[in-house]
Amino acid sequence: MSLTSTNTTKTAFPMLDMMLQMQRIGLRAMSLYQPVASAFLDAPRSAERAPASALFGSSGGRATVDAKAEQVVAIGEEVLTVGTRTVPGKTTRVRRVVVEAPVEKEVTLHTETVVVERRQPKASTGQDVLTEVTVEMSDSNEVPVVSKSVHLVEEVLLRKEVTARTETIRDTVKRDTLEIEEPSQLPVVFNAAKQQDDRKRDEKRGGEFQDKKQSVVPLPADVKTGEQKRQ
């Protein structure tokens with residue numbers, strides 16, 4: 001009699017039969033949920049084995065890392081531009097109106113009257129007399145005659161005068177600033193081309209110094225200098 005057999009076995013002990021049945025049910029349940037449990041248990045392990053690039057981005061299901069990629073951050077600032085425009089101001093208005101004012105002026109008037117006067121005749125005889133004669137003479141009076149004429153007294157001129165003044169305009173402008181958070185082992189290079197040129201220049205100077213150093217040939221130990229010979 002086998003405990004793991006799938007066939008139903010009957011024994012003389014009912015308790016043993018029930019235990020075997022429960023064992024078979026448990027094995028069947030474990031076989032059904034084994035793929036789900038294994039995937040759940042393997043998820044943390046796969047996350048630990050995943051490369052760091054997979055956490056930041058992927059393309060087509062695969063993480064891609066471009067060592068030569070460059071990211072550019074644009075830095076800008078505002079520039080204050082001050083212009084001018086003409087706005088209407090105060091208005092000066094000149095209007096010509098006609099007004100009347102009383103005036104006085106003296107004038108001399110003459111009056112002529114007819115005076116009848118009798119006197120002794122001065123002419124000699126022989127004049128035409130004894131005939132009917134009618135003589136008429138009229139008197140006259142002067143009356144004032146008023147007339148008006150226009151004379152220019154003055155002129156009023158309207159013109160504009162342009163004056164210049166300087167005003168200081170105060171305002172605020174915006175600009176971008178950089179806040180760099182860098183790890184200690186990865187320095188930020190702002191001018192890579194300049195540093196590369198300096199490095200090449202230092203390497204060139206070092207090579208020239210090595211060439212000069214090699215060109216100096218040390219003297220053998222047994223060869224004495226002139227000063228040593230004189231001693």
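Quick one: what are the phi-derived ³J(HN,Hα) couplings along the range 79-91, Karplus 6.51/-1.76/1.60 with θ = phi - 60°, whole Hz, x for glycine and proline?
So the J values, rounded to whole Hz, are 10, 7, 10, 10, x, 10, 8, 8, 10, x, x, 6, 10.
Explain nothing, just compute: Karplus ³J(HN,Hα) = 6.51 cos²θ - 1.76 cosθ + 1.60, θ = phi - 60°, for every residue of the range 131-143 in order, whole Hz, x for Gly and Pro.
Once rounded to whole Hz, the list reads 9, 7, 9, 10, 10, 10, 8, 10, 8, 9, 9, 8, 10.
Could you calculate the FRET efficiency of THR172 with THR92 from 1/(1 + (r/R0)^6), where r is the beta carbon distance between them and R0 is 30 Å, rounded to 0.05?
E between THR172 and THR92, to the nearest 0.05, is 0.20.
Give a residue-ordered list of calculated ³J(HN,Hα) values for the range 174-182 (Karplus: 6.51 cos²θ - 1.76 cosθ + 1.60, θ = phi - 60°; whole Hz; x for Gly, Pro).
9, 8, 8, 10, 9, 10, 9, 10, 10
Output the peptides 135-142, 158-165 sorted from most to least packed, where packing is the average of other Cβ atoms within 10 Å over each peptide's residues.
135-142, 158-165
Starting from the Cα-Cα distance between ARG205 and MET137, subtract it from 0.36 nm times their residue separation and give me the gain in nm to one decimal.
10.1 nm
Every number in this text was worked out from the coordinates using simple rules, so none of it is lab data. Since we're looking at a predicted model, the values are computed, not measured. Every residue, glycine as well, gets a Cβ built from its backbone with ideal geometry; the counts of neighbours run over all protein chains shown.
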